[in-house]
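Encoded as C-alpha cells, the structure appears first; notes follow it.
Every read-out reported here was derived from the displayed coordinates using simple, explicitly stated rules and does not represent laboratory data. The structure displayed is predicted, hence computed values, not measured ones. Don't worry about glycine lacking a Cβ; one is built from the backbone with ideal geometry, like all the others, and counts go over all protein chains shown.
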Amino acid sequence: MEENVITIWNLTKKFGNFTAVDNISFDVRKGEIFGFLGANGAGKTTAMRILCGLSRPTSGEGTVAGYDINTGQEKIKRHIGYMSQKFSLYPDLTVRENIRLFGGIYGLKDREIRVKTDAMLGMLGMQSEKDKFAGDLPLGWKQKLAFSIALIHGPEIIFLDEPTGGVDPETRRRFWEMIYDTAEKGVTVFVTTHYMDEAEYCDRVSVMVDGKIAAMDSPAGLKSGYHARNMDEVFRIIAGRAEREE
Amino acid sequence: MWKYLLEKEFKQFFRDPGLPRMALMFPVLMMLVFPFAVSMEIRNINLVVVDGSRSEESGRLIEKCTASGYFRLVSVCDSPDEAMRLMDDNKADAIITIDAGFSREVETGTGFPVGIKINTVNGTRGSIGSQYLSSCIRMYMQDRNPSPDAPASPAIDVADRYSFNANMDYKLFMIPALIVIGITMITAFLPALNIVSEKETGTIEQINVTPVSKSAFIICKMIPYWAIAFFVLTACLLIAWTVFGYVCRGRLLWLYLYTTLDIVVMAGLGLLISNYSSNAQQAMFVIWFFAVIFMLMSGIFTPIASMPEWAQTITYFNPMRYYADAMRSVYLKGSTPADIWYDAAGLLAIGAAMAGWAIASYRKSSD
Amino acid sequence: MKEFAASAVKEFRHIFRDRRTILIAMVMPVVQIILFGFAVSTEVNDARIAFCGDMSDPEVRKTVDRIDQNKYLSIVGRIDRPSDAEDLFRKNRADAAVCFAQDYGSDLISSGRTGAEIICDGSDPNTARMIASYLAGVISSEQTDIGISMAGEKKISMTPVVQLMYNPAMKSSYNFVPGVMGLILMLICSMMTAVSIVREKETGTLELLLVSPVRPLWIVISKMMPYLALSAVNFASILLLSHYVMEVPVNGSLLLLSFAALVFVVSSLALGLLISVISSSQRTALLICGMGLTMPTMIFSGIIFPCESMPQILQWVSDIIPAKWFIIIVKKVMIQGDGMASVIKELSILAGMAALLLAVSIRSFKTRLQ
C-alpha cells in the first residue's frame with residue numbers, strides 16, 4: 001500500500017451560519033494527481049485553503065505532509081507549494097527577481113538560487129524574458145512561471161487552485177504536461193478545477209457538491225459507476241442534485 | 001530570508017513611477033514654502049474710525065494707532081452705521097468710535113468715551129487685534145499723562161525676556177513642526193497603501209503560504225520607510241540650515257532617536273489600518289482621518305493647554321503630541337531625553353501597542 | 001439621457017455596495033467637526049508659571065497669590081535663581097517665570113519703585129507673548145491696588161469699551177467649522193472621484209464603458225453623481241452639528257450657503273477628475289489627494305494661518321485655492337449673515353474656478369482617451 005501524504009477526517013468549515021465545507025474526509029496518496037472538482041461555490045477553494053494553512057478549520061482533524069492541520073500550519077508551509085487562481089507573483093518585480101525572492105523566502109542560499117534560476121529559465125524557455133516585469137508577461141507564461149516558483153523549494157505536495165483559468169486549450173495542454181512531469185518526480189499534485197476534461201488527466205478525483213464530497217474514485221471508476229461516457233456527464237449527474245445556488 | 005524581503009521592498013519602492021519622487025519631494029517642498037506662510041503674526045488689520053470728536057486729541061489717538069504698523073486705516077466715517085456696514089462687507093476688522101465729548105472728558109479726567117468693535121469671526125485675528133488696539137490706547141494715555149504725580153504712586157518696572165527665541169520668530173517655532181508633519185504623513189500614508197495593494201494584487205496570499213513569519217514580513221515592510229524618513233529628516237534639517245539659517249540647539253542624535261520612535265508608531269498604525277481595510281480607498285480615508293486629527297490636536301498649531309479637559313485627555317493617545325513636543329524641545333531648547341523622557345515613554349507605549357496589534361491582526365490564516 | 005440615468009444608477013450601486021467606505025465618509029466629518037469645534041482654540045489657558053523671589057516678603061506673596069488666582073495662570077513652583085528658568089522650560093515644566101527683584105516689598109514701600117522680570121519660554125512666540133501680557137496685566141493691577149491703598153482715592157478707568165462682533169464668546173468653532181467643512185468636502189469629492197476613475201482605468205472597465213454608446217462626458221458626470229449626493233449629506237450633517245451641538249449660528253440664507261457649497265463641490269469633483277487623468281495608479285491618486293491637497297489647503301486657505309500676514313507671493317498662491325474662497329463665503333453668510341451682494345465677488349471667483357477646472361479636466365480626460 002502506498003503511503004498517504006494528506007489525510008483528512010470530518011473536516012468542517014463554517015462562515016457564520018453558512019457551512020462552506022461540510023464534514024469531508026479523504027486521503028491523498030504520495031505521487032498521485034488528485035483532482036478536486038466542483039461547481040463555483042461548492043467549497044473546493046475553502047477546503048484547499050485549509051490544507052495550505054491559509055485558513056483554520058471549524059472542526060475536524062487531518063495531516064498534510066505529516067503535520068497537523070490545526071497546530072502545524074507553519075510547518076506544513078515549509079513542505080508545500082501553492083499556486084492560486086489569481087496570478088500572485090509581484091508584477092513590479094522582474095522574472096528573475098521573483099524567483100530570487102521566493103527562493104530566499106524558503107531559505108535557499110544565493111548560489112542555490114542562481115543555479116535554480118538558470119535551470120528554471122532554461123526549462124521554461126524564458127531566458128530572454130528574465131529581466132522583464134512579471135506583470136508584463138502573457139497569461140500563459142505567468143502561470144507557468146508561478147507554477148515553477150511554487151516548486152522552487154522542492155515541496156512534497158503542490159496545491160494548484162484552478163491553475164488554467166482563462167488560457168487557451170493549447171496552453172492548458174502544455175501546462176498539464178508540466179504537471180505530469182512533476183508528479184513523475186514523486187511530487188503529489190492536488191488540483192482544483194472546473195474543467196471536466198482536465199479531470200480525465202487526474203489519477204483520482206473527488207467531486208464536491210454543497211460542501212460535501214459526493215463521489216470519489218478514479219475517472220474510469222466514476223464513468224463506469226455512473227454509466228457515463230465522459231467526466232462531463234458524470235459531473236452533470238452528480239451536480240444535478242445540488243441544492244445550493246452559486 | 002530577511003535579506004530577500006528587504007531587497008523586494010526597496011526595489012518595489014524605487015520602481016514605482018510616482019512614489020519615491022512624491023515621498024521625497026513633498027516634505028522638501030513643504031519645508032521650502034510653508035515656513036513663509038505659517039505666521040500667526042497679525043498685520044494689516046483694517047481699521048475704521050468713527051470720529052465724533054474731530055478734535056486735536058482724537059487726531060492724536062488715531063495717529064497713535066496707525067503709527068503702530070499693525071493697522072491700516074481704511075476710512076474715517078461720520079456715523080457708526082456706515083462703519084458697521086464696512087464691517088459687514090469684510091472691509092473693516094476693527095472699528096474705533098470716538099464720541100463727541102472726547103477731548104473735554106479726557107481733559108477733565110471724567111471719562112473715556114471710546115469704543116472698540118472687533119470682528120471676531122476669526123478668533124485669533126480678533127483677540128490679537130483688540131490687544132493691539134488696547135495697547136495703542138494705553139500708549140496714548142501714557143504720552144498724554146507723563147504722570148506728573150509720579151512719586152506719589154508706586155511703580156513696578158516690568159521687563160520681559162524671551163528665552164530660546166529672542167526675536168520671537170514664529171518661523172523658527174514652526175520649522176520642527178513642519179518636519180514632524182512631513183515625516184508623519186509619509187510614514188503613515190505609504191505603509192498603509194503598501195499592504196492594501198498587496199492584498200489587492202493577491203500577492204499577500206502567496207507570501208502567506210510560505211513559512212515567512214508575520215513579524216519578519218511586517219518589520220521588513222517598515223525598514224524602507226525608516227530609511228526614507230531619515231533621509232527626509234536630514235534633507236529638512238539641511239534646508240532649515242541653508243535656506244533659513246536655523247540650527248538645532250540640541251544634539252541631532254536625539255532628533256533621530258525620537259524620529260525612530262515615531263516611525264514605529266506611525267508605520268504600525270498604517271499597517272494596522274491596512275490590515276483592516278479591504279481596499280486602498282478605505283485605508284487612505286481612515287489614515288487621512290487620523291492624520292488630520294493627530295495634526296490639529298498635537299499642539300503644533302494651537303496649544304494643547306488651551307483645549308478643554310476632555311480634549312486634553314484625548315491628546316495623550318496622540319503620538320504626534322509626543323513627537324512634536326520632543327522635536328520642538330530638542331530643536332529649539334536643546335532638551336535631552338533626560339528632560340523629556342515622558343515623550344519617549346508616550347511614543348514607546350503607543351508604538352508598542354500599535355506594532356503589537358498590527359502584527360497580531362495581520363493574520364496569515366483567516367478564521 | 002436614458003443611458004446617462006443607467007450609468008448613474010450603476011455608479012450609485014457601486015459606491016453604496018462598499019458600505020465601509022460610505023460609513024467612513026459619513027462618520028468622519030462628524031467626528032472631526034465635533035473634535036475641532038470644541039477642542040481647537042488659540043486661547044491660552046492654564047499657563048504654568050514659576051517664580052523666583054523671597055516668599056517671606058509679604059508683597060511678593062501677594063503678587064504670587066494674585067497670579068495664581070488669575071484664571072489663565074497658575075503657579076507651579078519656585079526657582080532659586082532666574083537662570084534656573086531655562087532648565088524648567090527645557091523639561092517643559094513651566095511656560096514662564098516671574099522673578100522679583102531683591103527687596104521687592106521694602107523697595108516698593110521705601111522708594112515707591114521696584115522691579116520684576118518676566119521670563120517666557122519663547123519657543124512658542126504667540127503663547128509667550130500672550131502669557132507675558134497676562135502677567136504684566138496682573139502685576140499692573142497689583143500696582144494700581146497698592147496705589148489706591150496708598151493714595152486713598154479711586155481713579156476712573158481709562159480703558160475703552162471693547163465690543164466683540166459676530167462672535168462675542170470668542171469661540172474658535174466659528175473659525176474652524178467653516179474651515180473643516182471646506183477641507184472635508186474638498187477631500188471627499190476629489191479623492192473619491194479620482195480613485196473611482198483610476199480604479200476603473202486599472203481594471204480596464206473604463207474602456208468597456210467608453211465603447212458603450214454613452215458619451216464620455218456623460219460617463220464622467222455620472223461617475224460624479226454619487227459623490228455629489230454624498231457631499232450633500234456631509235454638508236447637511238456638518239451644518240446640523242455645528243448649529244445644534246457647536247451652537248454656531250446660521251445667520252444668513254441657507255439657500256445661498258448651499259449654492260456656494262454646490263459650486264465648491266463641483267470644483268472639487270473637477271479637481272478629482274484632473275488628478276485621475278494625471279495619475280497612473282490608485283496609489284498615486286490617493287497620495288496626491290491625501291497629502292498634496294490636504295496640506296496646502298490647510299496652510300493656505302486661512303483655516304489656521306491668516307492669509308493677510310503671508311508674503312505677497314504666497315497670498316497669490318492662496319488665491320488659487322478654491323477652499324479659501326469657499327471658507328470666506330461660509331464665514332460671511334453663516335456667521336455674519338451677509339447676503340448675496342457681499343459675497344458676489346467670492347462666489348464668482350469660485351464659480352470661475354469650478355468652470356475652468358471642469359473644462360480643463362474634461363478636455364484632458366478626452367485627450368487621454370484618444
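Only counting other Cβ atoms within 10 Å, I'd like B:GLU198, B:GLU82 sorted with the fewest neighbours first. Each step should come with its number before you reach the end.
Working: B:GLU198 20, B:GLU82 13.
In order of increasing Cβ crowding within 10 Å: B:GLU82, B:GLU198.
Scan chain B and note any complete DSSP helix (H) whose C-alpha atoms cover at least 18 Å along its axis and whose Kyte-Doolittle average is 0.0 or more. Each step should come with its number before you reach the end.
Details: long enough: B:2-15 (19 Å, -0.92); B:19-37 (26 Å, 1.78); B:123-144 (32 Å, -0.57); B:170-201 (46 Å, 1.23); B:214-242 (43 Å, 1.64); B:252-276 (36 Å, 1.47); B:280-296 (24 Å, 1.98); B:341-361 (29 Å, 1.16).
Both cut-offs are met by B:19-37, B:170-201, B:214-242, B:252-276, B:280-296, B:341-361.
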- Query: How about C:LYS366: which lysines have a C-alpha closer than 21 Å to its C-alpha, ignoring those fewer than 8 places off in the same chain?
  - Reply: C:LYS201, C:LYS223
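Taking every DSSP beta bridge with both residues inside the stretch B:45-143, roughly what % is antiparallel (nearest 5)?
Roughly 30 percent of the beta bridges in the stretch B:45-143 run antiparallel, per DSSP.
With +1 on each Lys and Arg Cβ and -1 on each Asp and Glu Cβ, and nothing else charged, work out how big the dipole of the protein assembly as shown is about its Cα centre, in Debye to the nearest 20.
Values: 94 positive and 97 negative charges, 456 e Å.
The dipole of the protein assembly as shown has a size of about 2200 debye.
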- Message: Averaged over its residues, how many other protein chain Cβ atoms are within 10 Å of peptide B:305-311's Cβ atoms?
- Response: 6
- Query: How much net charge surrounds B:ARG85 when only the other residues with a Cβ under 13 Å from the Cβ of B:ARG85 are counted, with Lys and Arg +1 and Asp and Glu -1?
  - Reply: -4
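Counting other Cβ atoms within 10 Å, which chymotrypsin sites (Phe, Trp or Tyr not before Pro) in the stretch B:281-367 have at most 12 and lie in a DSSP loop? The partial results should precede the final answer.
On the way: sites: B:PHE285, B:TRP288, B:PHE289, B:PHE290, B:PHE294, B:PHE301, B:TRP310, B:TYR316, B:PHE317, B:TYR322, B:TYR323, B:TYR331, B:TRP341, B:TYR342, B:TRP357, B:TYR362; in loops: B:PHE301, B:TYR316, B:PHE317, B:TYR362.
Qualifying residues, ordered by number: B:TYR316.
Count, for each residue of B:288-301, the Cβ atoms from other chains sitting within 10 Å of its Cβ, then give me the mean as a whole number.
Details: counts 10, 9, 1, 4, 11, 6, 0, 4, 11, 4, 0, 2, 1, 7.
For peptide B:288-301, the averaged partner shielding equals 5.
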- Net charge near C:ASP87, counting Lys/Arg +1 and Asp/Glu -1 over other residues with Cβ under 13 Å of its Cβ? 0
- Just add up the charged neighbours of A:THR45: K/R +1, D/E -1, any other residue whose Cβ is under 10 Å from the Cβ of A:THR45. 0
- Among A:VAL5, B:VAL330, C:VAL245, rank each residue by its count of other Cβ atoms within 10 Å, from fewest to most, as a rough exposure measure. C:VAL245, A:VAL5, B:VAL330
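How would C:ASP65, C:ASP57, B:ASP89 line up from fewest to most surrounding beta-carbon atoms within 10 angstrom?
Working: C:ASP65 11, C:ASP57 18, B:ASP89 15.
Final ranking by Cβ density, sparse to dense: C:ASP65, B:ASP89, C:ASP57.
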- Query: If the cut-off is 25 Å between C-alpha atoms, which lysines fall inside it for B:LYS333, apart from same-chain ones fewer than 8 positions away?
  - Reply: B:LYS171, C:LYS91
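Under a point-charge model restricted to the Cβ atoms of Lys and Arg (+1) and Asp and Glu (-1), what is the dipole moment magnitude of chain B relative to its Cα centre, in debye to the nearest 20? Walk me through the intermediate numbers first.
On the way: 29 positive and 31 negative charges, 324 e Å.
Around 1560 debye, computed over chain B.
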- Among A:166-174, A:34-42, C:107-115, A:51-59, how do they line up from the highest to the lowest mean number of other beta-carbon atoms within 10 Å? A:34-42, A:51-59, C:107-115, A:166-174
- Task: Check the straight Cα-Cα distances from A:LYS75 and name the aspartates and glutamates below 19 Å, setting aside those fewer than 8 residues away within the same chain.
- Result: A:GLU61, A:GLU156, B:GLU205, B:ASP367
- Based on DSSP, what percent of beta bridges with both residues in the stretch C:47-165 are antiparallel, to the nearest 5? 35
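Distance check, please: which entries in A:LYS44/A:LYS109; A:LYS13/A:LYS130; B:LYS64/B:LYS91 exceed 32 angstrom between their Cα atoms? Display every interim value, and only then the final one.
On the way: A:LYS44/A:LYS109 35 Å; A:LYS13/A:LYS130 41 Å; B:LYS64/B:LYS91 21 Å.
Those over the limit are A:LYS44/A:LYS109; A:LYS13/A:LYS130.
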- Query: Roughly how crowded by other chains is peptide C:28-39, in terms of the mean Cβ count from those chains within 10 Å of each of its Cβ atoms?
  - Reply: 4
